[in-house]
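The values are calculated or read from the model by the stated rules, or taken from the named source; none is laboratory data. Keep in mind it's a predicted model, so treat the numbers as computed, not measured. Every residue, glycine as well, gets a Cβ built from its backbone with ideal geometry; the counts of neighbours run over all protein chains shown. Side chains are part of the model used for accessible areas, which takes the heavy atoms of the whole protein and leaves out ligands, DNA and RNA. Shrake-Rupley method; radii C 1.70, N 1.55, O 1.52, S 1.80 Å.
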Amino acid sequence: MTGLARFSLNQQTVRQWSLPELATGCAAAGVRYVGLWRGPVQEYGAAAAGRLVRAHGLRVSSLCRGGFLTSPEPAARAAALADNRAAVEQAAELGAPVLVLVPGGLPPGSGDLPGARERVAEALAGLAPYAAGHGVRLAIEPLHPMYASDRSVVSTLRQALDLAERFPADQVGVVADSYHLWWDDTVPGQLARAGEGGRIAALQLADWVTPLPEGALLGRGQLGDGCVDLHRFFEQATAAGYRGPVEAEIFSTRLWAGDGAEVLAETLERYRRYVLARPEVAANPEIAHRVTEK
């Protein structure tokens with residue numbers, strides 16, 4: 001796949017849209033992929049959601065999210081594993097090849113990052129074969145270090161690969177998200193490592209705007225609004241061998257307050273200019289449009 005054919009609209013970018021509106025809007029815009037989230041999918045019904053997207057000629061690039069596997073408490077771990085198995089089953093019903101895993105933060109009162117990562121590995125030992133049996137690949141997503149305490153003890157692509165490589169590549173891969181990884185100068189080498197091992201399961205894009213307008217969670221920037229070299233990030237992942245969908249996943253109250261169709265149109269235009277086109281081309285929208293449509 002090349003050009004816009006790889007573009008996927010993550011549901012969180014147009015959170016104001018219902019699932020039917022998402023399917024209709026993406027089909028009308030010629031978008032081929034959508035990234036879905038479990039909350040809306042569970043409300044609609046996973047099987048029904050799968051039928052809906054397929055009826056509109058769409059495919060699900062990923063389902064988010066599973067994970068939160070760091071608790072040492074037996075009851076909490078059992079509940080987390082049960083929830084992750086349910087997430088795998090939902091992904092299978094949707095036809096989603098990838099279930100994104102957010103590993104989880106530190107347990108209350110703990111500062112043991114290595115121990116928490118090891119508990120993630122222990123959980124994957126049981127979940128990975130279960131997911132494979134359903135035709136679903138698990139994808140560990142490293143989050144920016146500011147999330148290490150409460151959401152993800154896996155902060156770098158290297159740490160994610162160290163975990164993933166304990167398991168077969170067709171069972172466990174990694175997510176490369178520009179919002180979380182743009183700051184790390186080891187990413188090019190780690191992407192190459194991931195590509196050699198066939199570990200890149202998903203690619204997600206958002207920009208970094210300073211100061212974060214709505215805090216760490218909801219402060220992602222629209223493509224081209226911040227300081228991330230999105231084209232370089234995209235090119236590095238492509239050079240590493242990743243040829244799958246590219247999700248625009250932008251948590252933004254500004255975008256959520258807008259008209260969904262207008263947000264999608266803007267995101268597609270930004271994707272052409274700042275992801276597909278080189279920076280010198282992106283400065284001229286008309287040239288960028290011509291170049292990236294080829």
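Taking only protein heavy atoms and a 1.4 Å probe, the accessible area of the stretch 136-219 is 54% carbon and sulfur. Gyration tensor analysis over the Cα atoms of the chain returns equivalent ellipsoid semi-axes of 29, 22, 18 Å (largest first, whole Å).
Packing order of peptides 86-93, 200-207, 183-190, highest average first: 200-207, 86-93, 183-190 (average count of other Cβ atoms within 10 Å over each peptide's residues). Measuring r between the beta carbons of Ala261 and Ala79 and using R0 = 51 Å, the FRET efficiency lands at 0.85. Here, the stretch 13-165 has an Rg and a Dmax of 16.3, 50 Å when only alpha carbons are counted. Helix 230-239 and the longest principal axis of the C-alpha atoms of the chain enclose an angle of approximately 60°.
Accessible surface computed residue by residue for the stretch 1-143, with neighbouring protein chains in place and a 1.4 Å probe, gives 39 Å² per residue.
By the Cα gyration tensor, the stretch 98-180 has an equivalent ellipsoid whose semi-axes, rounded to whole angstrom, run 21, 14, 10 from largest to smallest. Think of a 1.4 Å ball rolled over the protein heavy atoms: the stretch 166-214 then has 39 Å² of accessible area per residue. Stokes-Einstein diffusion for the stretch 50-107 at 37 °C, viscosity 0.692 mPa s, with a Kirkwood radius from C-alpha pairs, works out to 266 µm²/s. The accessible surface of the stretch 32-103, taken with every protein chain in place and a 1.4 Å probe, is 53 percent carbon and sulfur.
The calculated FRET efficiency for the pair Asp170 and Glu122, based on their C-beta separation and a Förster distance of 25 Å, comes to about 0.75.
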